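Below is one structure, written out as structure tokens; the observations come after it.
The values are calculated or read from the model by the stated rules, or taken from the named source; none is laboratory data. Since the structure is predicted, the reported quantities are computational estimates derived from the model, not experimental observations. Heads up, the Cβs are rebuilt from the backbone with ideal geometry, glycines too, and the neighbour counts pull from every protein chain shown.
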Amino acid sequence: MEDESYFPIILVLLLVGFMIISAITISVKTSSFLTQFWYKWIGWKSFPEIQRFYLPYLVRSFPFYSRLDDRHRRLFEGRVQQFINDKEFIPRGGIKDVSDEMKALIAGCAVQITFGYPNIRFGHFNRVLIYPDDYYSTITRQYHKGEVNSRGIIVLSWSNLVEGFRDPTDGLQLGFHEMAHALRLINIVDNDEYDFYDRELMEHFDFAALMEIRKIRLGEGPSLFRNYASANSDEFFAVSVEVFFEQSDVFYAYNPQLYTMLSTILKLDPRSGKPIRVVSR
Ligand SMILES: [Zn+2]
């Protein structure tokens, strides 16, 4: 009889507890102060520890990672491991096994371009297909180096990905390019990461990009961006993300307004001469 009389009190306490936890969760998501506090002191500990054999690939291939301070480097590692744990990597077209290097490089690209955001997991994408070289798409009837699609698949060709890492300052990086497409796609499709970036700012960026696209198409003077960027706004964004990370200083000197917009969208400033600045934290 006595046990039963406690039942409503326990129920109320559970309900209050649930409401407090929900309120904290919502506050953390909506308050920049709490978000900063959470990710500065607590959040980074919630990522899995990286498996040590991935580390040499990060050190060798990601100057961005090497320039981070200790705390952010551990955060980068945890997010790389999380990406690897979350995704199914599938070998295609003659590749027998997906190597540790493949996983580390692909995950590193995804983590680097979203590093300004506390925890973008590319949740919409659950499979990563890896081809040895350019592959033929039966949908577009063309050869591709990589693509992302709304069915949740990221496709990359290994030879082109490796080529992108060969010179980290040439503004060509397939991994960043495809992840930039994925980033825009996850803001369009309906998923739990929906609307994480400022849509208005992206519209301003696209508008400013039209000037550059026009410049390239009409040959109105030299452009920092390769011809392919002028195909459409999506391609311009993807190419500009490559240039943003690999030629930050040149990009800023060339068009500070466009650079600053992209820096605000990605919440990062990777210009040299100082540690990487994570704008939001
Ligand atoms: Zn593209």
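Inspect all residues belonging to the stretch 121-139 and state whether any of them is free of Cβ contacts under 8 Å to residues at least 40 places away in the same chain and at positive phi.
Scanning the stretch 121-139, I find no residue that is free of Cβ contacts under 8 Å to residues at least 40 places away in the same chain and at positive phi, so the answer is no.
Only strands (runs of 3 or more DSSP E) wholly contained in the stretch 73-146 count here; list those with 3 or more residues that are of a type in the set (Val, Ile, Thr).
Ranges flagged: none.
Hey, among the residues in the stretch 118-143 that are touching a Phe, Trp or Tyr at 6+ places or on another chain (Cβ under 6 Å) and not β-branched (Val, Ile, Thr), which one's modelled with the highest pLDDT?
PRO132
Which of the following residues is of a type in the set (A, V, I, L, M), within 21 Å of ASP269 (Cα to Cα) and within 16 Å of the ligand (Cβ to nearest atom): ALA208, ALA110?
ALA110
Looking only at the stretch 250-281, filter to residues that are farther than 24 Å from ARG199 by Cβ and at pLDDT below 95; which one of those is surrounded by the most Cβ atoms within 10 Å (Cβ to Cβ)?
Filtering the stretch 250-281 for residues that are farther than 24 Å from ARG199 by Cβ and at pLDDT below 95, the one surrounded by the most Cβ atoms within 10 Å (Cβ to Cβ) comes out as ILE276.
Scanning the stretch 215-236 for residues that are buried (at least 22 other Cβ atoms within 10 Å of the Cβ) and among the aromatic types (Phe, Trp, Tyr), which turns out farthest from the ligand (Cβ to nearest atom)?
So the residue we want is PHE225.
Would you check if there is a residue in the stretch 213-223 being out of contact with any Asp or Glu (no Cβ under 6 Å at 6 or more places or on another chain) and touching a residue at least 24 places away in the same chain (Cβ under 8 Å)?
No: zero hits.
Could you list, in sequence order, the residues of the stretch 193-235 that are in a loop (DSSP other than H, G, I, E, B) and within 20 Å of the chain's Cα centre (by Cα)?
Correct list: GLU193, TYR194, ASP195, PHE196, TYR197, ASP198.
Give me the pairs, please: first residue somewhere in the stretch 158-178 and assigned to a helix (DSSP H, G or I) and surrounded by 15 or more Cβ atoms within 10 Å (Cβ to Cβ), second residue anywhere and at pLDDT 95 or above and basic (Lys, Arg), beta-carbon distance under 9 Å, and either six or more positions apart or on two chains.
PHE165/ARG60
Do we find that VAL239 is part of a helix (DSSP H, G or I), over 13 Å from the mean Cα position of the chain (by Cα) and crowded, with 20+ Cβ neighbours inside 10 Å in this structure?
yes
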